[in-house]
Each structure stands twice: as structure tokens, then as C-alpha cells.
Amino acid sequence: MLNLIKKFDLEYFDGPLISLFSRGKGEGHLLFKWLDFQQNKHQWLVFPVNLTDLRKYVFGKISELELITNANPGQFLVLELGDKQYIIKEWHNRKSLPDAYLPEPDVYFDKTLCPDLTVVENYVSAQRLIPKMPILKSNQPRVQITA
């Protein structure tokens, strides 16, 4: 069972083309890139994405191909989604990923296909601004700031 939280669609045209999902708090993100529709099932390329690369992609610093090939770990799956069911059709590593699943090197994020650009830009920008804070244990001294 996939326990994912859909964050938003990055690109949409008659349906989602690229969507961002969260695996849960602190568990990372997955991108779903639409590949095809066959026999009443949508095929998606699913791969992990870090928010630094996603931010670069959204702001035009890297191409879609670079976003995919930068995926770490370089594990990809092709998922078929039908009516309330999914099938993992194929597993790939970076080297075995068919060229048919990859965009041309000059394909970049298309803001005109983004249904809510403000939400996307704010999400990828805000994630950078939140530092990872250490958890204070009860025996650690607390800091008090006074004006």
C-alpha cells in the first residue's frame, strides 16, 4: 500500500503531468511524472527528489532531465494506476532507465502548465528556510532570551 500525501501538481494539462508527493514527515518526497495511458491505466515514472534539486528545477536552473538523473538514490519505478489499484510494472536504476521515459535535455519547468505557481514556488522556497533544529533532551540546558 502506498501511503503518500499529494502536495501539488507542478504541471497539468487535461490531467496531472508532474506531481509532488510526500512520504510523510521527514521521509522525503517523490515525483510522479506521467508517461502514458493504456488499457484504462495511467503509467507514471516515480522517483525520489530532494527539495534543493526541485527548487532549482522550478526556478529554471536545471532541466527536467537533470532533475531525473540527479535522483538519489537512482531508483525508479514505473507504476500503473487504475481504478483504486496500482501495479508496480517495472523497476529501474539510472543506467537501465529507457530513453523513452526521459525528456529531451532542453525541457525545463513550464510555468504556464503549473496550476498554482505561487503555492509551488512558496513550498520549494520555504523548505530551504527551515533549518533542522536539534531536539533538546530534558537534561540539556535551556536557553532563555531576554530583551
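The values are calculated or read from the model by the stated rules, or taken from the named source; none is laboratory data. Given the structure is predicted, the values throughout are model-derived calculations rather than measurements. Virtual Cβ from ideal backbone geometry, glycine too; neighbours counted across all protein chains shown.
A search for C-beta distances below 6 Å between a residue of segment 60-78 that is touching a residue at least 40 places away in the same chain (Cβ under 8 Å) and any residue that is loosely packed, with under 15 Cβ neighbours inside 10 Å and part of a strand (DSSP E or B), counting only pairs 6+ apart in sequence or on different chains, returns Val78/Lys89. Got at least one residue in segment 70-88 being under 14 Å from Ser19 (Cα atoms) and of a type in the set (Ser, Thr, Tyr)? No: zero hits.
Checked against the criterion of being in a helix (DSSP H, G or I) and of a type in the set (Lys, Arg), segment 39-54 has no qualifying residue.
Looking at segment 78-121 only, could you name the residues that are charged (D, E, K, R), under 18 Å from the mean Cα position of the chain (by Cα) and assigned to a loop (DSSP other than H, G, I, E, B)?
First, the residues of segment 78-121 that are charged (D, E, K, R): 80, 83-84, 89-90, 94-95, 99, 104, 106, 110-111, 116, 121.
Right, trim to under 18 Å from the mean Cα position of the chain (by Cα) and you get 80, 94, 110-111, 116, 121.
Those that are charged (D, E, K, R), under 18 Å from the mean Cα position of the chain (by Cα) and assigned to a loop (DSSP other than H, G, I, E, B): Arg94, Asp110, Asp116.
Starting from segment 83-99, take each residue that is modelled with pLDDT under 90 and list its partners that are exposed (fewer than 11 other Cβ atoms within 10 Å of the Cβ), counting only C-beta distances under 8 angstrom and pairs at least six apart or across chains. Within 8 Å, the pairs are Asp83/Asn40. Within the option set Gly60, Gly26, being exposed (fewer than 14 other Cβ atoms within 10 Å of the Cβ) and at pLDDT 90 or above holds for one residue only, Gly60.
Restricting Leu35, Leu10, Leu17, Leu31 to those that are in contact with a helix residue (DSSP H, G or I) (Cβ under 9 Å, 6 or more places away or on another chain), assigned to a strand (DSSP E or B) and farther than 16 Å from Cys114 by Cβ reduces the list to Leu35.
How many of the residues making up segment 1-45 are of a type in the set (D, E, K, R) and out of contact with any strand residue (DSSP E or B) (no Cβ under 8 Å at 6 or more places or on another chain)?
So the first thing to find is which residues in segment 1-45 are of a type in the set (D, E, K, R), and the list is 6-7, 9, 11, 14, 23, 25, 27, 33, 36, 41.
Of the ones still in play, those that are also out of contact with any strand residue (DSSP E or B) (no Cβ under 8 Å at 6 or more places or on another chain) are 14, 25, 27.
The total comes to 3.
Of all the residues in segment 1-23, those that are crowded, with 18+ Cβ neighbours inside 10 Å and out of contact with any Leu (no Cβ under 8 Å at 6 or more places or on another chain) number 1.
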